[in-house]
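Chemist: This is the structure I want to talk about, given as C-alpha coordinates.
The values are calculated or read from the model by the stated rules, or taken from the named source; none is laboratory data. It should be emphasised that the depicted structure is a prediction, and the values quoted were computed from it without experimental measurement. With ideal geometry, Cβ positions are generated from the backbone for all residues, glycine too; neighbour counts draw on all protein chains shown.
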Amino acid sequence: MQHSELGDSGVEVSEVGFGAWTVGTDWWGDRSEDDAIEMLQYAVDQGITYFDTGDVYGHGRSEELVGKALSEIRDEVTIATKVGYDFYNNPQAGHGELPKEMDADYLREAVHKSLDRLGLESVDVLQLHNADIEEITPDILELLDELEEEGTIEATGLALGPSIGWLAEGDLAIEEEFDSVQLVWNMLEQEVGDHFLETIERTGSSTSLIPRVPHSSGILNEQVTPETELGEGDHRGFRPEEWYETGWEKLEKLRFLERDGERTMGQASIAWLLSHDPVASVTPTFRTKADIDEWAAASDVPKLSEEEMSRVAELYANDFDIDRDDGMDSLRSSVDGDDIESAGLDKLAAD
(Lines give C-alpha, C1' and ligand atoms only; values in the text may rest on other atoms or scores of the structure.)
Protein backbone atom coordinates (compact mmCIF):
# COMPACT_ATOMS: atom_id res chain seq x y z
CA MET A 1 0.00 0.00 0.00
CA GLN A 2 1.30 3.43 -0.96
CA HIS A 3 0.61 6.56 1.10
CA SER A 4 0.11 10.27 0.40
CA GLU A 5 -0.09 13.49 2.38
CA LEU A 6 -3.38 15.40 2.61
CA GLY A 7 -2.63 18.86 1.32
CA ASP A 8 0.32 20.20 3.29
CA SER A 9 -1.19 19.13 6.63
CA GLY A 10 1.34 16.44 7.42
CA VAL A 11 -1.54 13.96 7.76
CA GLU A 12 -0.79 10.74 5.88
CA VAL A 13 -3.44 8.58 4.21
CA SER A 14 -3.32 5.22 2.46
CA GLU A 15 -4.01 5.47 -1.26
CA VAL A 16 -7.03 3.23 -0.76
CA GLY A 17 -9.26 4.25 2.13
CA PHE A 18 -12.25 2.72 3.91
CA GLY A 19 -15.56 4.58 3.77
CA ALA A 20 -17.16 3.57 7.05
CA TRP A 21 -20.72 4.45 6.04
CA THR A 22 -20.98 0.79 5.00
CA VAL A 23 -20.55 -0.49 8.55
CA GLY A 24 -22.64 2.17 10.27
CA THR A 25 -25.93 1.64 8.46
CA ASP A 26 -27.93 -1.28 7.07
CA TRP A 27 -28.05 0.23 3.58
CA TRP A 28 -25.26 -2.05 2.37
CA GLY A 29 -26.51 -5.12 4.20
CA ASP A 30 -27.05 -5.95 7.85
CA ARG A 31 -23.94 -6.48 9.97
CA SER A 32 -23.55 -7.27 13.62
CA GLU A 33 -21.19 -5.14 15.66
CA ASP A 34 -18.68 -7.97 15.74
CA ASP A 35 -18.84 -8.38 11.96
CA ALA A 36 -18.37 -4.64 11.40
CA ILE A 37 -15.37 -4.46 13.72
CA GLU A 38 -13.85 -7.55 12.12
CA MET A 39 -14.22 -5.97 8.68
CA LEU A 40 -12.55 -2.72 9.78
CA GLN A 41 -9.66 -4.60 11.35
CA TYR A 42 -9.33 -6.82 8.30
CA ALA A 43 -8.89 -3.68 6.20
CA VAL A 44 -5.95 -2.69 8.40
CA ASP A 45 -4.42 -6.12 7.81
CA GLN A 46 -4.60 -5.43 4.07
CA GLY A 47 -2.72 -2.14 4.40
CA ILE A 48 -5.58 0.36 4.67
CA THR A 49 -4.80 3.09 7.20
CA TYR A 50 -7.29 5.82 6.18
CA PHE A 51 -10.82 5.50 7.59
CA ASP A 52 -13.54 7.96 6.64
CA THR A 53 -16.70 8.16 8.73
CA GLY A 54 -19.33 10.76 9.66
CA ASP A 55 -21.46 11.57 12.66
CA VAL A 56 -24.71 11.03 10.78
CA TYR A 57 -23.83 7.52 9.57
CA GLY A 58 -26.15 5.38 11.64
CA HIS A 59 -26.61 8.42 13.90
CA GLY A 60 -23.23 7.94 15.51
CA ARG A 61 -23.00 4.15 15.15
CA SER A 62 -20.30 4.25 12.47
CA GLU A 63 -18.08 6.46 14.64
CA GLU A 64 -18.56 4.17 17.62
CA LEU A 65 -17.59 1.11 15.58
CA VAL A 66 -14.55 2.82 14.08
CA GLY A 67 -13.47 3.89 17.55
CA LYS A 68 -13.79 0.38 18.96
CA ALA A 69 -12.15 -1.33 16.00
CA LEU A 70 -9.11 0.94 15.83
CA SER A 71 -8.56 1.93 19.45
CA GLU A 72 -5.54 -0.32 19.96
CA ILE A 73 -3.77 0.91 16.81
CA ARG A 74 -4.76 4.58 16.98
CA ASP A 75 -1.24 5.78 16.17
CA GLU A 76 -1.11 3.63 13.04
CA VAL A 77 -4.25 4.93 11.33
CA THR A 78 -5.75 8.17 10.07
CA ILE A 79 -9.37 8.85 11.03
CA ALA A 80 -11.62 11.37 9.31
CA THR A 81 -15.16 12.28 10.25
CA LYS A 82 -17.83 14.70 9.06
CA VAL A 83 -20.25 17.07 10.75
CA GLY A 84 -23.07 19.28 9.53
CA TYR A 85 -26.30 17.26 9.65
CA ASP A 86 -28.49 17.68 12.72
CA PHE A 87 -29.67 14.16 13.47
CA TYR A 88 -29.81 14.97 17.17
CA ASN A 89 -33.03 16.93 16.77
CA ASN A 90 -34.48 15.36 13.63
CA PRO A 91 -35.60 11.76 12.96
CA GLN A 92 -34.29 9.95 9.89
CA ALA A 93 -37.01 9.01 7.44
CA GLY A 94 -35.70 6.20 5.25
CA HIS A 95 -32.91 7.49 3.01
CA GLY A 96 -34.18 11.05 3.05
CA GLU A 97 -31.90 14.00 3.64
CA LEU A 98 -31.79 15.42 7.15
CA PRO A 99 -31.73 19.15 7.89
CA LYS A 100 -28.25 20.62 7.97
CA GLU A 101 -26.89 22.83 10.71
CA MET A 102 -23.76 24.82 9.91
CA ASP A 103 -23.83 27.19 12.86
CA ALA A 104 -20.36 27.46 14.42
CA ASP A 105 -21.55 26.73 17.96
CA TYR A 106 -23.47 23.66 16.78
CA LEU A 107 -20.50 22.36 14.80
CA ARG A 108 -18.10 22.77 17.71
CA GLU A 109 -20.45 20.78 19.94
CA ALA A 110 -20.94 18.17 17.21
CA VAL A 111 -17.19 17.72 16.85
CA HIS A 112 -16.79 17.01 20.56
CA LYS A 113 -19.67 14.53 20.48
CA SER A 114 -17.93 12.79 17.58
CA LEU A 115 -14.70 12.65 19.54
CA ASP A 116 -16.54 11.03 22.44
CA ARG A 117 -17.99 8.34 20.17
CA LEU A 118 -14.63 7.76 18.50
CA GLY A 119 -12.89 7.63 21.85
CA LEU A 120 -10.40 10.28 20.72
CA GLU A 121 -9.00 13.53 22.05
CA SER A 122 -8.45 14.77 18.51
CA VAL A 123 -9.41 13.68 15.02
CA ASP A 124 -7.05 13.67 12.06
CA VAL A 125 -9.42 15.12 9.47
CA LEU A 126 -12.64 17.06 10.02
CA GLN A 127 -14.88 17.53 6.98
CA LEU A 128 -17.88 19.76 6.56
CA HIS A 129 -20.64 17.49 5.30
CA ASN A 130 -22.20 18.72 2.06
CA ALA A 131 -22.02 22.39 3.04
CA ASP A 132 -23.58 24.80 0.53
CA ILE A 133 -21.56 27.77 -0.66
CA GLU A 134 -23.53 30.19 1.53
CA GLU A 135 -22.92 27.97 4.57
CA ILE A 136 -19.14 28.19 4.34
CA THR A 137 -19.04 31.56 6.06
CA PRO A 138 -16.14 33.48 7.62
CA ASP A 139 -17.39 32.24 11.01
CA ILE A 140 -17.09 28.63 9.87
CA LEU A 141 -13.62 29.19 8.41
CA GLU A 142 -12.60 30.82 11.69
CA LEU A 143 -13.98 27.84 13.63
CA LEU A 144 -11.90 25.42 11.57
CA ASP A 145 -8.79 27.52 12.23
CA GLU A 146 -9.55 27.54 15.95
CA LEU A 147 -10.04 23.77 16.08
CA GLU A 148 -6.68 23.29 14.36
CA GLU A 149 -4.92 25.72 16.69
CA GLU A 150 -6.42 23.94 19.71
CA GLY A 151 -5.23 20.57 18.43
CA THR A 152 -8.78 19.25 18.20
CA ILE A 153 -8.28 18.52 14.49
CA GLU A 154 -5.20 18.10 12.34
CA ALA A 155 -6.61 18.76 8.87
CA THR A 156 -9.71 20.22 7.25
CA GLY A 157 -11.88 18.88 4.48
CA LEU A 158 -15.11 19.35 2.57
CA ALA A 159 -17.23 16.34 1.58
CA LEU A 160 -19.34 17.20 -1.45
CA GLY A 161 -22.67 15.85 -2.61
CA PRO A 162 -23.88 17.09 -6.00
CA SER A 163 -27.56 17.37 -5.20
CA ILE A 164 -26.66 19.61 -2.28
CA GLY A 165 -23.49 21.42 -3.27
CA TRP A 166 -20.69 20.85 -5.73
CA LEU A 167 -18.60 23.02 -8.07
CA ALA A 168 -18.68 26.42 -6.35
CA GLU A 169 -18.30 24.77 -2.97
CA GLY A 170 -15.28 22.73 -4.03
CA ASP A 171 -13.68 25.73 -5.68
CA LEU A 172 -14.06 27.73 -2.46
CA ALA A 173 -12.51 24.92 -0.41
CA ILE A 174 -9.57 24.72 -2.80
CA GLU A 175 -9.08 28.49 -2.82
CA GLU A 176 -9.25 28.56 0.99
CA GLU A 177 -6.60 25.80 1.11
CA PHE A 178 -8.73 23.12 2.74
CA ASP A 179 -6.54 20.06 3.02
CA SER A 180 -9.00 17.80 1.19
CA VAL A 181 -12.10 17.80 -0.99
CA GLN A 182 -14.11 14.58 -1.28
CA LEU A 183 -16.11 14.08 -4.45
CA VAL A 184 -17.80 11.56 -6.74
CA TRP A 185 -15.37 10.80 -9.56
CA ASN A 186 -14.82 7.82 -11.82
CA MET A 187 -14.15 6.97 -15.46
CA LEU A 188 -17.85 7.25 -16.33
CA GLU A 189 -18.35 10.51 -14.40
CA GLN A 190 -15.39 12.79 -15.02
CA GLU A 191 -16.61 16.39 -15.31
CA VAL A 192 -16.39 17.38 -11.66
CA GLY A 193 -12.98 15.82 -11.13
CA ASP A 194 -11.67 17.53 -14.26
CA HIS A 195 -13.06 20.84 -13.03
CA PHE A 196 -11.27 20.60 -9.69
CA LEU A 197 -8.01 19.55 -11.34
CA GLU A 198 -8.20 22.78 -13.32
CA THR A 199 -9.00 24.79 -10.18
CA ILE A 200 -6.03 23.31 -8.33
CA GLU A 201 -3.71 24.04 -11.26
CA ARG A 202 -5.05 27.59 -11.65
CA THR A 203 -4.75 28.48 -7.98
CA GLY A 204 -1.61 26.53 -7.15
CA SER A 205 -3.49 25.07 -4.19
CA SER A 206 -2.11 22.11 -2.24
CA THR A 207 -5.62 20.70 -1.62
CA SER A 208 -5.87 16.94 -2.09
CA LEU A 209 -8.80 15.23 -3.78
CA ILE A 210 -10.46 12.13 -2.30
CA PRO A 211 -12.69 10.43 -4.89
CA ARG A 212 -15.50 8.12 -3.88
CA VAL A 213 -17.75 5.98 -6.12
CA PRO A 214 -14.71 4.84 -8.17
CA HIS A 215 -16.72 1.94 -9.60
CA SER A 216 -19.68 4.05 -10.69
CA SER A 217 -22.30 2.26 -8.58
CA GLY A 218 -21.13 -1.24 -9.36
CA ILE A 219 -20.66 -1.03 -13.12
CA LEU A 220 -16.87 -0.77 -13.30
CA ASN A 221 -16.33 -3.57 -10.78
CA GLU A 222 -19.08 -5.64 -12.44
CA GLN A 223 -21.06 -6.09 -9.24
CA VAL A 224 -24.08 -4.76 -11.10
CA THR A 225 -24.66 -6.51 -14.43
CA PRO A 226 -27.64 -6.74 -16.80
CA GLU A 227 -28.72 -9.81 -14.80
CA THR A 228 -28.59 -8.07 -11.41
CA GLU A 229 -31.87 -7.40 -9.64
CA LEU A 230 -31.35 -4.60 -7.15
CA GLY A 231 -33.28 -5.29 -3.97
CA GLU A 232 -35.63 -2.89 -2.28
CA GLY A 233 -33.64 -0.24 -0.44
CA ASP A 234 -30.46 -0.84 -2.44
CA HIS A 235 -29.03 2.63 -3.07
CA ARG A 236 -27.89 1.70 -6.53
CA GLY A 237 -31.52 1.39 -7.54
CA PHE A 238 -31.80 5.16 -7.50
CA ARG A 239 -29.84 5.29 -10.73
CA PRO A 240 -32.14 5.41 -13.78
CA GLU A 241 -32.29 2.18 -15.77
CA GLU A 242 -31.00 3.92 -18.89
CA TRP A 243 -27.91 5.01 -16.98
CA TYR A 244 -26.98 1.39 -16.27
CA GLU A 245 -27.72 0.31 -19.82
CA THR A 246 -25.31 2.83 -21.30
CA GLY A 247 -22.84 2.16 -18.50
CA TRP A 248 -22.52 -1.51 -19.43
CA GLU A 249 -21.79 -0.48 -23.01
CA LYS A 250 -19.10 1.91 -21.81
CA LEU A 251 -17.54 -0.78 -19.64
CA GLU A 252 -16.85 -2.91 -22.72
CA LYS A 253 -14.94 0.01 -24.27
CA LEU A 254 -12.68 0.11 -21.20
CA ARG A 255 -11.70 -3.57 -21.19
CA PHE A 256 -8.25 -2.67 -22.55
CA LEU A 257 -7.33 -1.56 -19.01
CA GLU A 258 -7.52 -5.12 -17.68
CA ARG A 259 -4.30 -7.12 -17.45
CA ASP A 260 -4.77 -10.82 -16.83
CA GLY A 261 -3.31 -11.71 -13.46
CA GLU A 262 -1.99 -8.19 -12.90
CA ARG A 263 -4.88 -5.71 -12.89
CA THR A 264 -8.63 -6.27 -12.71
CA MET A 265 -11.18 -3.82 -14.00
CA GLY A 266 -12.08 -2.92 -10.41
CA GLN A 267 -8.43 -2.21 -9.64
CA ALA A 268 -7.91 -0.28 -12.87
CA SER A 269 -10.80 2.01 -11.93
CA ILE A 270 -8.99 2.96 -8.72
CA ALA A 271 -5.57 3.11 -10.37
CA TRP A 272 -6.97 5.53 -12.98
CA LEU A 273 -7.97 7.94 -10.21
CA LEU A 274 -4.63 7.57 -8.43
CA SER A 275 -2.88 8.52 -11.67
CA HIS A 276 -3.99 12.12 -11.08
CA ASP A 277 -1.42 13.85 -8.89
CA PRO A 278 -3.85 15.70 -6.55
CA VAL A 279 -5.61 12.43 -5.62
CA ALA A 280 -4.42 11.33 -2.18
CA SER A 281 -6.81 8.46 -1.46
CA VAL A 282 -9.75 6.68 -3.09
CA THR A 283 -12.59 5.30 -0.96
CA PRO A 284 -14.47 2.45 -2.66
CA THR A 285 -17.53 0.97 -0.99
CA PHE A 286 -16.35 -2.22 0.68
CA ARG A 287 -19.07 -4.77 1.39
CA THR A 288 -17.03 -7.93 1.83
CA LYS A 289 -13.52 -9.08 2.67
CA ALA A 290 -13.14 -10.09 -0.96
CA ASP A 291 -13.74 -6.46 -1.94
CA ILE A 292 -11.00 -5.38 0.47
CA ASP A 293 -8.58 -8.00 -0.86
CA GLU A 294 -9.02 -6.86 -4.46
CA TRP A 295 -9.32 -3.10 -4.14
CA ALA A 296 -6.75 -2.50 -1.41
CA ALA A 297 -4.23 -4.04 -3.81
CA ALA A 298 -5.06 -1.37 -6.43
CA SER A 299 -2.40 0.89 -4.92
CA ASP A 300 0.27 -1.56 -6.07
CA VAL A 301 -0.98 -2.81 -9.45
CA PRO A 302 0.76 -1.63 -12.65
CA LYS A 303 0.15 2.08 -13.10
CA LEU A 304 -1.81 3.26 -16.12
CA SER A 305 0.42 4.35 -18.98
CA GLU A 306 0.13 7.75 -20.64
CA GLU A 307 -1.35 5.97 -23.66
CA GLU A 308 -4.01 4.31 -21.51
CA MET A 309 -4.85 7.59 -19.78
CA SER A 310 -5.15 9.34 -23.13
CA ARG A 311 -7.38 6.61 -24.52
CA VAL A 312 -9.76 6.89 -21.53
CA ALA A 313 -9.89 10.67 -21.98
CA GLU A 314 -10.64 10.31 -25.68
CA LEU A 315 -13.40 7.78 -25.07
CA TYR A 316 -15.02 10.04 -22.50
CA ALA A 317 -14.77 13.10 -24.72
CA ASN A 318 -16.62 11.19 -27.43
CA ASP A 319 -19.17 9.76 -24.96
CA PHE A 320 -17.67 6.32 -25.62
CA ASP A 321 -19.01 6.44 -29.21
CA ILE A 322 -22.33 5.03 -28.06
CA ASP A 323 -25.40 5.65 -30.21
CA ARG A 324 -28.55 6.73 -28.39
CA ASP A 325 -32.13 7.57 -29.15
CA ASP A 326 -32.51 11.23 -30.07
CA GLY A 327 -34.48 12.05 -26.93
CA MET A 328 -32.15 10.33 -24.45
CA ASP A 329 -29.75 12.35 -22.34
CA SER A 330 -26.18 11.12 -22.13
CA LEU A 331 -26.68 10.22 -18.45
CA ARG A 332 -22.94 10.24 -18.04
CA SER A 333 -22.52 12.52 -15.03
CA SER A 334 -23.50 12.63 -11.39
CA VAL A 335 -23.47 16.43 -11.28
CA ASP A 336 -27.25 16.66 -11.15
CA GLY A 337 -27.57 14.35 -8.23
CA ASP A 338 -26.69 10.78 -9.20
CA ASP A 339 -24.97 10.18 -5.90
CA ILE A 340 -25.83 9.11 -2.41
CA GLU A 341 -22.58 8.52 -0.57
CA SER A 342 -23.38 10.71 2.35
CA ALA A 343 -25.04 8.06 4.48
CA GLY A 344 -28.18 8.21 2.41
CA LEU A 345 -28.29 11.98 2.38
CA ASP A 346 -28.05 12.50 -1.36
CA LYS A 347 -30.17 11.04 -4.10
CA LEU A 348 -28.35 8.04 -5.59
CA ALA A 349 -26.07 5.15 -4.86
CA ALA A 350 -22.62 5.46 -3.39
CA ASP A 351 -21.11 2.57 -5.25
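Chemist: Does at least one position in region 146-153 carry a residue that is part of a loop (DSSP other than H, G, I, E, B) and not hydroxyl-bearing (Ser, Thr, Tyr)?
Modeler: yes
Chemist: Just the residues that are within 22 Å of Lys253 (Cα to Cα) and of a type in the set (Gly, Ala, Ser), please, taken from region 182-204.
Modeler: Answer for region 182-204, where residues must be within 22 Å of Lys253 (Cα to Cα) and of a type in the set (Gly, Ala, Ser): just Gly193.
Chemist: Out of Thr203, Thr246, report the one residue that is polar (S, T, N, Q), surrounded by fewer than 16 Cβ atoms within 10 Å (Cβ to Cβ) and either closer than 24 Å to Gly17 by Cα or at pLDDT 70 or above (or both).
Modeler: Going through Thr203, Thr246 in turn, just one is polar (S, T, N, Q), surrounded by fewer than 16 Cβ atoms within 10 Å (Cβ to Cβ) and either closer than 24 Å to Gly17 by Cα or at pLDDT 70 or above (or both): Thr203.
Chemist: Filter region 271-287 down to the residues that are aromatic (Phe, Trp, Tyr) and part of a loop (DSSP other than H, G, I, E, B) and list them by number.
Modeler: Phe286
Chemist: Follow-up. In this structure, is Lys303 part of a loop (DSSP other than H, G, I, E, B) and at pLDDT 50 or above?
Modeler: It is true that Lys303 is part of a loop (DSSP other than H, G, I, E, B) and at pLDDT 50 or above.
Chemist: Pick from Arg255, Arg263: which is farther than 18 Å from Glu314 by Cα, modelled with pLDDT of 95 or more and basic (Lys, Arg)?
Modeler: Arg263
Chemist: Could you check how many residues of region 1-20 are closer than 19 Å to Val66 by Cβ, of a type outside the set (A, V, I, L, M) and outside any strand (DSSP E or B)?
Modeler: Qualifying residue count for the region: 1.
Chemist: Which residue is nearest to the chain's Cα centre (by Cα), if the candidates are limited to region 164-200 and must be of a type in the set (D, E, K, R) and under 20 Å from Ala271 (Cβ atoms)?
Modeler: Step by step, filter region 164-200, then rank; the result is Glu189.
Chemist: Restricting attention to region 175-188, does a residue exist that is in a helix (DSSP H, G or I), surrounded by fewer than 20 Cβ atoms within 10 Å (Cβ to Cβ) and at pLDDT 95 or above?
Modeler: yes
A quick yes/no check of all residues on (1) touching a strand residue (DSSP E or B) at 6+ places or on another chain (Cβ under 8 Å); (2) exposed (fewer than 15 other Cβ atoms within 10 Å of the Cβ):
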{"residue": "Ala80", "(1), (2)": "yes, no"}
{"residue": "Glu101", "(1), (2)": "yes, no"}
{"residue": "Tyr106", "(1), (2)": "no, no"}
{"residue": "Asp116", "(1), (2)": "no, yes"}
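Chemist: Another question, then. What residue, of Asp55, Asp8, is of a type in the set (Asp, Glu) and at pLDDT 95 or above?
Modeler: Just one listed residue meets the conditions, Asp8.
Chemist: May I pose another question? Here are Ala268, Ala290: which of them is surrounded by fewer than 21 Cβ atoms within 10 Å (Cβ to Cβ) and part of a helix (DSSP H, G or I)?
Modeler: Ala290
Chemist: Scan region 110-145 residue by residue and report those that are assigned to a loop (DSSP other than H, G, I, E, B) and among the acidic types (Asp, Glu).
Modeler: Glu121, Asp132
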